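Read through the structure below, which is laid out as C-alpha cells, and then see the notes.
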Amino acid sequence: MAPLGDGVAPAAAAAPGLVVSFGEMLIDFVPDVAGVSLAESAGFVKAPGGAPANVACAVSKLGGSSAFVGKFGDDEFGHMLVEILKQNGVNAEGCLFDQHARTALAFVTLKSNGEREFMFYRNPSADMLLTEAELNLDLIRRARIFHYGSISLITEPCRSAHVAATRAAKAAGLLCSYDPNVRLPLWPSAQAARDGIMSIWKEADFIKVSDDEVAFLTQGDANDEKNVLSLWFEGLKLLIVTDGEKGCRYFTKDFKGSVPGYAVNTVDTTGAGDAFVGSLLLNVAKDDSIFYNEAKLREVLQFSNACGAICTTQKGAIPALPTTAAALELISKGSN
C-alpha cells in the first residue's frame, strides 16, 4: 500500500472496506479572483482535480481506505498528482504514467456565486489512453466498492478499460457506485453525453446525480419526481439526487425522502459533490445495510450533506475536503 500521509490515522490502512476510484485526475487552474472570465483573470491558482480522485481523497481523509486507478502524463504535473494522492493516504498501486501524452488540464471560471465553468486541455491526455491490459485488476478485486464517473467513457481505449474494470468488479462481488459528473464540453454533443452516460447506467448498484444532471438526462424538471424515477431501474439499491445547499433526495425500492442541507458561506463549489460521495462510500463500505434501513441512511446522508457543505467554504477540491470532526461540528450547529 502507498504510504499514508501525515495526519491520516494508521487505522485507515485496516479499514473494513476498500473503495477503489477509477478515472481521471487533472490539474485545475482556478482564477485567483472570483467572478471574472478566464480572459479577464490576471492569475490562476493550481489545484489538483478530477472527480474520481477527489472521491478517493475524501474517503481517506474521513478515515477510510481508498485507492485510485488511472493514468497520468509522465510529466511534472502527473508526478505531482500521484504524490498528492499518496500524501492524502490514497493507495496509488493502480496509477500509471504515459510517456507520450500529457496530464490533463482544466481552466475553471469561478462565478461570483461560487459556481463553475470549465475549459479543458486534453487532446488526448494520458487519462484517456489507459488500456484494458494496463488495469490493476487485483487491486480492484480486493475492494468492497468500485466507484467511477462518465468522463472515462468518452473515448477509446479508456472506455474499454472502464467497461472491463466494471466487469471485473461485478464478477468479484463488489458494489458499483456511479456519479456521472456531466462535463458537456468534453463530449461531441449533448446527445452523445446522454447516450454515453446512460450506456452503463444499469451496471451500478447505487447512483448519485445532481438536480442539474437529472434535468439534463431526463430533459425535464428535476423537481418532478416522475422525471427522477424515470432514472430508476430494477436492481438499483439507491438513487440519490443532490440539490445543492437544499440537501438531497433519496430513493430505494422500499422508501424515499429528503434530508436538508446546511447554509454556509460558499466560496467554491468544486468538489462538494465528491465530498458528499466520498462520505457516502465510506459509510456503505462499513455497513451496506443502509440501503435497507431508512433511519441509518438518513443519518449517513446528514453527514454527507455536511461534508459537501464544508467543501464549498474554501477554494479547490482536495484541500477543502472535510475531516469527520469538522462535519460533526457543522451537524451539531443544526441544518438550515
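The values are calculated or read from the model by the stated rules, or taken from the named source; none is laboratory data. Just so it is clear, the model here is predicted, and its values are computed rather than measured. Don't worry about glycine lacking a Cβ; one is built from the backbone with ideal geometry, like all the others, and counts go over all protein chains shown. Ligands, DNA and RNA are stripped out before the accessible areas are found, and what is left, the full protein with its side chains, is counted by its heavy atoms. Shrake-Rupley method; radii C 1.70, N 1.55, O 1.52, S 1.80 Å.
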Checklist line | Close pairs (6 angstrom Cβ cut-off, 6 or more residues apart or separate chains): within 13 Å of residue 239 (Cβ to Cβ) in the stretch 250-262, basic (Lys, Arg) and crowded, with 21+ Cβ neighbours inside 10 Å anywhere | finding: 258/249
Notebook entry, point to check: Pick from the stretch 157-179 the residues that are among the small types (Gly, Ala, Ser) and over 29 Å from residue 189 (Cα atoms): which of them is surrounded by the most Cβ atoms within 10 Å (Cβ to Cβ)?
Noted result: 169
Next item on the list: Can you tell me which residue within the stretch 318-336, out of those that are at pLDDT 90 or above and not in a helix (DSSP H, G or I), is most open to solvent (accessible area, probe 1.4 Å)?
Entry: 323
Notebook entry, point to check: Within the bounds of the stretch 271-286, is there any residue that is out of contact with any Gly (no Cβ under 8 Å at 6 or more places or on another chain), of a type outside the set (Val, Ile, Thr), open to solvent by 40 Å² or more (accessible area, probe 1.4 Å) and on the phi < 0 side of the Ramachandran plot?
Noted result: no
Checklist line | Whichever residue in the stretch 141-156 is open to solvent by less than 40 Å² (accessible area, probe 1.4 Å) and free of Cβ contacts under 8 Å to residues at least 60 places away in the same chain and, among such residues, is nearest to residue 230 (Cα to Cα) | finding: 150
Check: If you scan the stretch 94-124, which residues turn out to be under 19 Å from the mean Cα position of the chain (by Cα), in a loop (DSSP other than H, G, I, E, B), of a type in the set (Gly, Ala, Ser) and within 23 Å of residue 68 (Cα to Cα)?
Finding: 104
Check: So which residues in the stretch 54-91 are in a loop (DSSP other than H, G, I, E, B) and either modelled with pLDDT under 95 or open to solvent by less than 30 Å² (accessible area, probe 1.4 Å) (or both), if there are any at all?
Finding: 62, 64, 75, 89, 90
Check: When you scan the stretch 17-53, how many residues do you find that are open to solvent by less than 40 Å² (accessible area, probe 1.4 Å) and in a strand (DSSP E or B)?
Finding: 14
Next item on the list: Filter the stretch 279-317 down to residues that are among the aliphatic types (A, V, I, L, M), in a helix (DSSP H, G or I) and farther than 30 Å from residue 173 by Cβ, then give me how many there are.
Entry: 3
Next item on the list: Can you tell me which residue among 122, 116, 183, 194 is open to solvent by 50 Å² or more (accessible area, probe 1.4 Å) and either among the basic types (Lys, Arg) or without any contact (Cβ under 8 Å) to a residue 40 or more places away in the chain (or both)?
Entry: 116
